[in-house]
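Inspection log for the structure reproduced underneath, given as structure tokens.
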Amino acid sequence: MIRHLYSCLFYLGLPLALLKLWKRSRKAPAYAQRIGERFAHIPQRDDQPLWIHAVSVGETVAIAPLIEQLLERQPDIPLLVTTTTPTGSERVKTLFGDRVSHCYCPYDLPHLLHRFLKRVKPRGLVIVETELWPNMLAACAKRKIPVLLANARLSERSARGYQKVSALTRPMMQQLSCVAAQDNEGGQRFVELGLSPEKLQVTGSIKFDHQPPADAVTNGLELRKQWGEHRPVLIAGSTREGGEDGMLLEVFGQLKQPYSELLLILVPRHLERFDSATQQAEAAGWNTSRRSLNNATAQTDVFVGDSMGEMATYYAAADLCFVGGSLVETGGQNPLEPAMLGKPVFMGPHLFNFSDIAKQLEQAGGLTVVSNIDELTKVLKQRLENPEQARQQGATAHAFVEKNQGALERLYQLTENVFRLEN
């Protein structure tokens, strides 16, 4: 009954969802394209693909190693990857080309899921991390389609939110075939929400097994040549809405006084904020360049990374790496991206998206967590004064990543078992 009420409210809110798409399309026109896919207007297919649902860029990048394993070891099994954002769609295309199919995931409404599953006929569903939808899981359960929650994470904060709607949450937990959790703490939270303990497998995070593009370091060095190879470089990667760009520009302004040659790479998480970040940097009086314009020079103060798929290049080009979403309450982005490149990592206090990984990386000595921008300014100044300390922190971060690799193979074996894939 509660799911039917949820569906009714979703139907009532559908005009608002469409309005949100329209508003986003004013800054990112791709949101106005392929709308029919969100209503499951897709071609009929009879090849029974394995359906992999990743929300956006982060989830797509996270699951990419598993997709590559499946493409290599199970070449006869077609893969359909769904996302909900155009940036996620673009990432799928960039990473896999025509080796996988892509469409937008339909809205979580019963008749749309019925149409989608009738046309796709998936042999199974892999959901990346924690993208759980009541009607999606109910529709799969009704058709006996196995569902694996892969690389699953569940923060204490998110678990409290799910607990508040336990009448919706408990059936979802019972409909999952298996949960491959990143860590023990997160795994136990799934059990507390209603998952049967025998359905839980702690495989670790496959983010440790992700390898940066082979040309990331080379491309990073090429960028440094444009700015001046000798200059110290700070990156603010994957910054989020809520004022984080302005905070990092303020930190940069404080550091620029004693370190006049310092350069800031500013990379907003979402493409619709590229213009805003550029305008803020220019309003602060900084000589600002953009990756898309290829106009960086030795006089550039702030370099806006307004491209998709080059985060590894930007981290490789930096000496000090701040990972965004952590000075504002959005939970932080992945600290392993710079760590795997041997870079010292810095984050604010809001880390609930990666709480376990961040805690371990901090304890190992590869991550420095600060409470506010004053602390961030202070610790960055210390590293600029002592480059060898920064390099040692980066080496520690890289060693931590290497020590924790192996989750990918465990997840692949679990995927084979859940979906009964032939060897």
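What to note about this one:
- Simple Cβ-charge dipole of the chain, Lys/Arg +1 and Asp/Glu -1, about Cα centre, in debye nearest 20: 1600 debye
- For the stretch 139-282, the Kirkwood estimate of the hydrodynamic radius, built from every pair of different alpha carbons, is 19.2 Å.
- Each Lys or Arg adds one and each Asp or Glu subtracts one; over the other residues with Cβ under 11 Å from the Cβ of VAL233, this totals 0.
- If the convex hull is drawn through the Cα atoms of the stretch 4-75, its volume per residue in Å³: 151 Å³
- Between GLU416 and GLU261, the FRET efficiency estimated from the beta carbon spacing at R0 = 60 angstrom works out to 0.70.
- Kirkwood radius and radius of gyration were both taken over the C-alpha atoms of the stretch 295-423, and their ratio Rg/Rh is 1.06.
- Radius of gyration over Kirkwood radius for the chain, both on Cα atoms: the Rg/Rh ratio is 0.97.
- Among the GluC sites (Glu not before Pro) in the stretch 180-264, those located in a DSSP loop and surrounded by at most 13 other Cβ atoms within 10 Å of their own Cβ are GLU229, GLU261.
- Rg and Dmax of the stretch 202-308, both derived from C-alpha coordinates alone, stand at 14.9, 50 Å.
- Its Cα centre serving as origin, the stretch 49-188 has a Cβ charge dipole (Lys and Arg +1, Asp and Glu -1) of approximately 680 debye.
- Calculated over the stretch 170-246, the projected area of the Cα convex hull averaged across directions stands at 9.0 nm².
- Per residue, the average separation of C-alpha pairs within less than 8 Å and at least 6 apart gives the chain a relative contact order of 13 percent.
- Proximal charge balance of PRO43 [Cβ under 14 Å; K/R count +1, D/E count -1]: +3
- Signed unit charges on C-beta, dipole axis of the chain, positive-most listed residue TYR6, SER307, TYR412: TYR6
- Helix-only mean residue ellipticity at 222 nm for the chain, each DSSP H run of n ≥ 4 adding -39500 (n - 2.57), per residue, nearest 500: -14500 deg cm²/dmol
Just so you know, all these numbers are worked out from the coordinates, no wet-lab data involved. Since the structure is predicted, the reported quantities are computational estimates derived from the model, not experimental observations. Every residue, glycine as well, gets a Cβ built from its backbone with ideal geometry; the counts of neighbours run over all protein chains shown.
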